[in-house]
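Have a look at the structure below before the remarks.
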Amino acid sequence: MEFTVSKESKLLANANLIKKYHSNLVYDYTEYPTKGNWSESFGSKDYENAIKDWYPKNQDKPVLFYVHTPFCEQLCYFCLCSKVITSNYDHVKNYLYNDLSREFDLLENLLTKNNVKFNFKEIYLGGGSPTYYKEEEFKYLIKRLKSIIDFSKIGDFTIEVDPRRVDEERLIFYHEQGINRLSFGIQDFDLNVQQEINRVQPPELLQKLLTPKIRKLFPVINFDLLIGLPRQSQKSITNTIKEVSYLKPTQLQTMYVHYKPQTRKYMIKMVRNEPMLDFFDRKAVFEKASQELISSGYTRAGFESYALPSDPLSKSMEDKRAVYNSLGTQKGEATNFIAVGSSAHGVLNDDYYFQNYYEQNLYREALDKGEFPIYRGMKMSKDDAIRREIIRHIRTFFNVEFDFFENKYQIKFSEYFKKELVNLKSMERDKLCIVNSSNIVLTQIGEHFSPQIANCFDIYNDQKYYLNAS
């Protein structure tokens with residue numbers, strides 16, 4: 001596989017710089033502190049107390065309701081999601097009617113008993129594959145959602161879509177149930193790449209789905225792409241972006257693939273013919289994708305995301321309201337999550353994180369005992385909240401304005417983060433960022449290393465080796 005370096009690419013002209021800041025463990029920072037720092041002693045009662053503590057102080061704060069459906073019909077070798085591969089639809093129905101429904105009951109009872117009326121503004125159905133549900137089960141899920149949520153107040157209502165399992169009629173059905181935003185798992189349109197990851201879906205499939213009627217019903221359409229897959233190249237990603245540009249989704253998430261065969265053993269099947277792309281090749285493919293998207297009329301929306309200028313995400317970037325989280329870069333209306341389903345995690349901003357059990361048996365056992373199936377969680381400190389917001393600004397806007405944090409949190413930035421500013425010296429010397437008395441600004445090259453720069457503010461994963469790096 002050959003990679004070319006364009007004359008304007010300062011990033012790819014310096015392979016040593018890419019290697020220096022490469023790490024096998026690079027956090028996405030979809031949440032901070034990251035999940036590995038949440039406590040497994042945080043359980044059902046802690047979750048109940050968290051809601052009762054947070055709600056009276058934040059009654060008007062917008063909240064997103066997330067539902068996780070952990071079932072797929074076919075295994076994708078790249079996938080890190082919590083899922084169960086099955087062709088037995090009875091397993092899906094049992095989960096919905098007997099497990100998920102009981103969690104809905106617990107939540108509804110808790111909210112009613114404590115007069116909690118969350119300001120639900122968004123709904124997100126994720127997976128796994130929520131498109132696995134047949135129409136009868138999907139209607140039941142909507143009915144349960146309506147028992148807790150006033151649909152008249154909902155803005156974005158998103159469903160993650162496996163384009164191989166739906167047709168135009170099914171998408172129209174989703175709209176009739178209240179859904180107005182679609183998120184398609186694309187990953188790549190190159191056939192060779194698709195065969196390596198066990199997910200073959202030609203662009204013609206999407207052409208048949210995204211008819212004029214569907215585009216009118218769903219004004220926001222998102223595509224998820226993955227960067228760093230076996231057999232990807234600058235040439236192949238260029239062709240993929242051409243197909244993407246023709247299909248014209250309004251938003252794109254171009255995420256780096258995370259290769260973790262130690263926890264997902266099936267991922268080794270991806271490298272049966274060719275290895276994963278190395279640190280340099282991944283950056284080359286990412287930069288090429290970025291160049292092609294921007295030349296096709298998309299604007300960058302944070303580290304890995306793009307949107308058409310007319311899309312609400314672009315407006316939220318201009319207004320600095322956009323937020324990066326586990327759902328990608330979002331427009332930032334509802335940054336608090338209440339989540340149900342196995343492995344689902346939620347957040348009540350500046351205060352609490354919580355996550356359900358991954359394992360179906362543990363999830364079910366908790367429900368059998370009449371408890372919320374909480375696996376882990378944490379109560380955030382003020383320091384956690386400050387650092388999380390700094391990391392979000394780095395990850396999304398590529399800058400940190402000191403006076404914003406000084407005014408909001410009543411701190412002196414240069415004193416509070418004295419050590420972190422010293423740790424940034426190496427990155428300053430390498431021209432990844434510019435630090436002055438009023439802000440931190442990532443350079444054009446530094447934008448590619450925003451997770452590594454953000455890591456300097458991660459007190460739980462302090463990468464001290466950058467301090468004296470030359």
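The values are calculated or read from the model by the stated rules, or taken from the named source; none is laboratory data. Note that this is a predicted model, so its numbers are computed, not measured. Backbone-built Cβ (ideal geometry, glycine too); neighbour counts: all protein chains shown. Protein only, heavy atoms only, side chains kept; ligands, DNA and RNA dropped before computing areas. Shrake-Rupley method; radii C 1.70, N 1.55, O 1.52, S 1.80 Å.
Scanning the range 395-419 for residues that are open to solvent by 10 Å² or more (accessible area, probe 1.4 Å) and under 23 Å from Lys19 (Cα atoms) yields a total of 1.
If you check Leu424, Leu327 for being farther than 18 Å from Lys61 by Cα, open to solvent by less than 50 Å² (accessible area, probe 1.4 Å), touching a Cys at 6+ places or on another chain (Cβ under 8 Å) and of a type outside the set (Gly, Ala, Ser), only one passes: Leu424. Within the range 34-60, residues that are free of Cβ contacts under 8 Å to residues at least 60 places away in the same chain and more than 13 Å from Lys117 (Cβ to Cβ) have Cβ atoms under 6 Å from residues that are among the charged types (D, E, K, R) and open to solvent by 60 Å² or more (accessible area, probe 1.4 Å) in no pair, counting only partners at least 6 apart in sequence or on another chain.
Please work out which residue is surrounded by the fewest Cβ atoms within 10 Å (Cβ to Cβ), limiting yourself to the range 351-394 and to residues that are of a type in the set (D, E, K, R) and farther than 26 Å from Lys57 by Cβ. Before you say what the answer is, go through the steps one by one.
As a first pass, look at the range 351-394 and keep what is of a type in the set (D, E, K, R): 351, 359, 364-365, 368-369, 371, 376, 379, 382-384, 387-389, 392.
Subsequent filtering for residues that are farther than 26 Å from Lys57 by Cβ retains 359, 364-365, 368-369.
On the way: Glu359: 14, Arg364: 17, Glu365: 13, Asp368: 11, Lys369: 9.
So, considering only residues that are of a type in the set (D, E, K, R) and farther than 26 Å from Lys57 by Cβ, the one surrounded by the fewest Cβ atoms within 10 Å (Cβ to Cβ) is Lys369.
Annotation: of all residues in the range 131-160 being touching a Gly at 6+ places or on another chain (Cβ under 8 Å) and aliphatic (A, V, I, L, M), the one that is most open to solvent (accessible area, probe 1.4 Å) is Ile154.
The rows are residues; the columns are (1) at pLDDT below 95; (2) out of contact with any Leu (no Cβ under 9 Å at 6 or more places or on another chain).
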| position | (1), (2) |
| --- | --- |
| Asn222 | no, no |
| Leu225 | no, no |
| Tyr246 | no, yes |
| Gln253 | no, no |
| Gln262 | yes, yes |
| Asn273 | no, yes |
| Glu292 | no, yes |
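Evaluate the following for Gly178: is it small (Gly, Ala, Ser) and within 28 Å of Ile268 (Cβ to Cβ)? When the stated conditions are applied, Gly178 does not pass them. Considering the range 81-97, the residues that are touching a Gly at 6+ places or on another chain (Cβ under 8 Å) and assigned to a loop (DSSP other than H, G, I, E, B) include one that is surrounded by the most Cβ atoms within 10 Å (Cβ to Cβ), namely Lys83.
Summed over the range 360-391, the residues that are aromatic (Phe, Trp, Tyr) and at positive phi give a count of 0.
The rows are residues; the columns are (1) closer than 17 Å to Tyr357 by Cβ; (2) open to solvent by 50 Å² or more (accessible area, probe 1.4 Å); (3) assigned to a helix (DSSP H, G or I).
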site	(1), (2), (3)
His68	yes, no, no
Cys76	no, no, no
Cys79	no, no, no
Glu103	yes, no, yes
Glu108	no, yes, yes
Leu111	no, no, yes
Glu122	no, no, no
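For the range 278-302, enumerate the residues that are open to solvent by 10 Å² or more (accessible area, probe 1.4 Å) and part of a loop (DSSP other than H, G, I, E, B).
Restricting attention to the range 278-302, the residues satisfying the condition of being open to solvent by 10 Å² or more (accessible area, probe 1.4 Å) are 278-283, 287-288, 290-292, 294-297, 299-300.
Residues satisfying the conditions are Asp278, Ser296, Gly297.
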